[in-house]
Amino acid sequence: MTQTAYARLHCIGSGNLASAGIKILGKAVCSWATNVINPQATPIAPSHPAPAKAPAVSFLSSNSTTVSVNLEAKAPFPAIRALFDHLHSHLDDVAKLNATYPHRGVIKTAALHKAESDQKFTIDLSPMRNSRIPEALRESLDPHGLGEVLDLFNAISAQYVPTILSSLSILAGTDLSVAHTSYNMNYRLCDYNPNTAAPKSSNGCGAHTDYGTFSIIFQDGTSGLELEETPGIWVPVPGDATVVLTGWCAVILSGGRISAAKHRVRRAPGVRRLSAVLFVTPDLDVKLKPLGDSQPIRTFSDTIMRGDLDVATFKDVMGKRWRYREGNEEMDNADSLSQDNEIENMVWG
């Protein structure tokens, strides 16, 4: 099976797009289909290399649409594995990387000593964090995979992020680019390594919905990622799939016309799994409320409708929960609320 991408969005009907090189696997086709497969859609981002040629697309129908896209860009998993392996055995380089971003660090290894947290190790990067890595350190890590990793994220940012955002704008019925003028992006590498504090735990990553506009998840061929189709019903995603998921910011900015995808990662004892994720979020100073003049199709809280929260504040509130879940931050008043429970109360009231 080739790599595929899944985007959970509302569906509008059915059709036959075989002439466009598209195979319909379900009954529904999304309104954003033609733009997802059309890399000539007007880019919103600053000038970058030309978008990739139109990828093959399939559609799967359920309560929310799943769109699979065969991207030209592939994650360099041998390089990702090599980078993690090098850092696991060279703690001096870990210290040097973390020193470039002392606020929260770059390498997260809470799973080494916290059995109750997500059982994974992560490397968190971004254009800002990458710029802080000294040239000598970057050159020393390039032979261990860092260069190939950064090349992947640069290619995806240039070739697919503008097209996906344009396509989501069609579905949202409003121009989402006005909230994404700075192209706020973060990159994450995940190592679901069996050598953690809880080697028999199935909890690789707890159930949650991403906070931003959308995320692109590359997998190494190992299963484990699951999507919640209906409350309590989890459906496994093929391990070789590249997954495009919408998050809370997309829900709010679209007035509820885009639905977010709740997901989790389950571990199999003794099995190592790798993934690479690109997160796209609105500008941090954007007020989180439905964009445009159209009426929201869902009832939001007064806080959301007034635009009392900007993206930075929303991220900070949600970030405390996900960092606590991942074991990277303590909470003085941790309670039974999940990451999504607290956000649902904030968004819907």
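So the values come out like this:
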item	result
The stretch 94-223 shape via C-alpha gyration tensor axes, a/c threshold 1.5	oblate
Listed residues SER202, SER131, SER166 arranged by accessible area, highest first, probe 1.4 Å	SER131, SER202, SER166
Accessible surface, per residue, of the stretch 56-348 when the full set of protein chains is kept, probe 1.4 Å, Å²	40
Value of relative contact order over the stretch 56-348, rounded to a whole percent, pairs C-alpha under 8 Å and six or more apart	19
Residue order for LYS315, LYS96, LYS108 - accessible surface, 1.4 angstrom probe, largest first	LYS96, LYS315, LYS108
Cross-link reach list, aspartates and glutamates versus LYS200, counting only Cα pairs under 18 Å and skipping chain neighbours closer than eight places	GLU116, ASP118, ASP191, GLU326
Where MET318, MET305, MET346 fall by accessible area, highest first, once all protein chains stay in place (1.4 Å)	MET305, MET346, MET318
Where labels lie 7 Å past Cα in the beta-carbon direction, separation of ASP175 and THR313 in nm	2.7
ASN195 versus THR303: modelled label distance in nm, points set 7 Å from Cα along the beta carbon direction	4.3
Protein accessible area in the stretch 61-219, 1.4 Å probe - carbon and sulfur %	54
P(r) of the stretch 56-348 over all Cα-Cα pairs, binned every 10 Å from zero, in whole percent	6, 28, 37, 24, 6, 0
Probe 1.4 Å - accessible area at ARG267, Å² to nearest ten	20
Euclidean distance of C-alpha centroids, the stretch 140-211 and the stretch 236-250, integer Å	10
Interchain or long-range residues, amide H under 5 Å from THR222's placed H	LEU274
Inter-label distance, nm, simple model (7 Å from Cα along the C-beta direction), GLU135/ALA99	1.9
Dipole of the stretch 71-202, positive direction: furthest Cα of PHE84, ILE107, ALA136, with charges on the beta-carbon	ILE107
Check: the stretch 56-348 dipole with +1 on Lys, Arg Cβ and -1 on Asp, Glu Cβ, in debye	380
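The values are calculated or read from the model by the stated rules, or taken from the named source; none is laboratory data. Bear in mind that the values here come from a model prediction, so they are computed numbers and not experimental data. So basically every Cβ, Gly included, is an ideal-geometry build from the backbone, and we count neighbours across all protein chains shown. Surface areas here come from the heavy atoms of the whole protein model, side chains and all, with no ligands, DNA or RNA. Shrake-Rupley method; radii C 1.70, N 1.55, O 1.52, S 1.80 Å.
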